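What follows draws every value from the coordinates through simple rules; no lab data is involved. Keep in mind that what you see is a predicted model, and the values were worked out from it rather than measured. Here the Cβ is made from the backbone with ideal geometry for all residues, glycine too, and neighbour counts use every protein chain on show.
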Ligand code: PGA
């Protein structure tokens, strides 16, 4: 099981330090790989404070070039230099608000894997796509640009379940995960309003290999509770 906390645009270096110090004091449950994904500016402090612990630190995005005239972007090599272990790519917020496409997601994933970083590649349908009966087609399209790799994990995040409190039912998650796994032999995380209260049920589905947690990962207690649910 893998539990990754996607902090989005929350926690600067001071709050990150506070979180990491608190997390260090806690006993992590067995059989769960734990990852936190702070904003770029907080990666260094997280790497430093979590060094020597079981918790890995990943970024929320990265660019496919090593360096160049790409204002506002950060490369895989730069993340490697910081001691970061991996990166999320293709989060639906990046697709929705920052023009991310299947093609750019694939390029980011490839560059990260080539640089030796682990990747959590996000896929998922919008509410309109689900209502139109297009879920399978959307997932097939989004997954088709990714290549299986030992360092690659896919996160199934139905867009209508992100930050809305609307979680996919365990059956619905299972169905989507099974489809993704039939297309690509990689672990598949579920994401979208995962909380301590619903984590156990979701993690119990056979095709669910962990979770990508947004809001509920910002608090040490609820993050640990989700890790515990995944460990059972
Ligand atoms: P949420 O976000 O848990 O706050 O719904 C999940 C995500 O966007 O990765």
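Name the shape class, rounded, prolate or oblate, that the alpha-carbon gyration tensor gives for segment 54-123, where a ≥ b ≥ c are the square roots of its eigenvalues, rounded holds for a/c under 1.5, and otherwise prolate holds if a/b is larger than b/c and oblate otherwise. Note, shape of segment 54-123 comes out oblate. Among 175, 103, the order by Cβ neighbours within 10 angstrom, fewest to most, reads 103, 175. As a proxy for reagent exposure, ranking 78, 9 by other Cβ atoms within 10 Å from fewest up yields 9, 78.
For the chain, modelled as a Gaussian network with Cα springs under 10 Å, which listed residue fluctuates most, 50, 183, 172? In the Gaussian network model the winner is 172.
Across every pair of non-identical alpha carbons in segment 86-214, the mean reciprocal distance, once inverted, gives a Kirkwood radius of 14.4 Å. Among 83-93, 55-65, the peptide with the highest mean count of other Cβ atoms within 10 Å heads the list, and the full ranking is 83-93, 55-65.
Centroid-to-centroid, using Cα positions, segment 135-179 and segment 53-67 are 21 Å apart. Between 178, 17, 128, the GNM of the chain built on Cα springs shorter than 10 angstrom shows 128 fluctuating the most.
Counting beta carbons within 10 Å around each of 153, 220 and listing the fewest first gives the order 220, 153. Scaled against 2.2 N^0.38 Å for its residue count N, the alpha carbon radius of gyration of segment 150-217 is 1.01. If the Kirkwood radius is taken over C-alpha pairs of the chain, then at 37 °C and 0.692 mPa s the Stokes-Einstein diffusion coefficient equals 188 µm²/s. Its Cα gyration tensor gives segment 86-161 an equivalent ellipsoid. The semi-axes, each the square root of 5 times an eigenvalue, are 22, 12, 10 Å from largest down.
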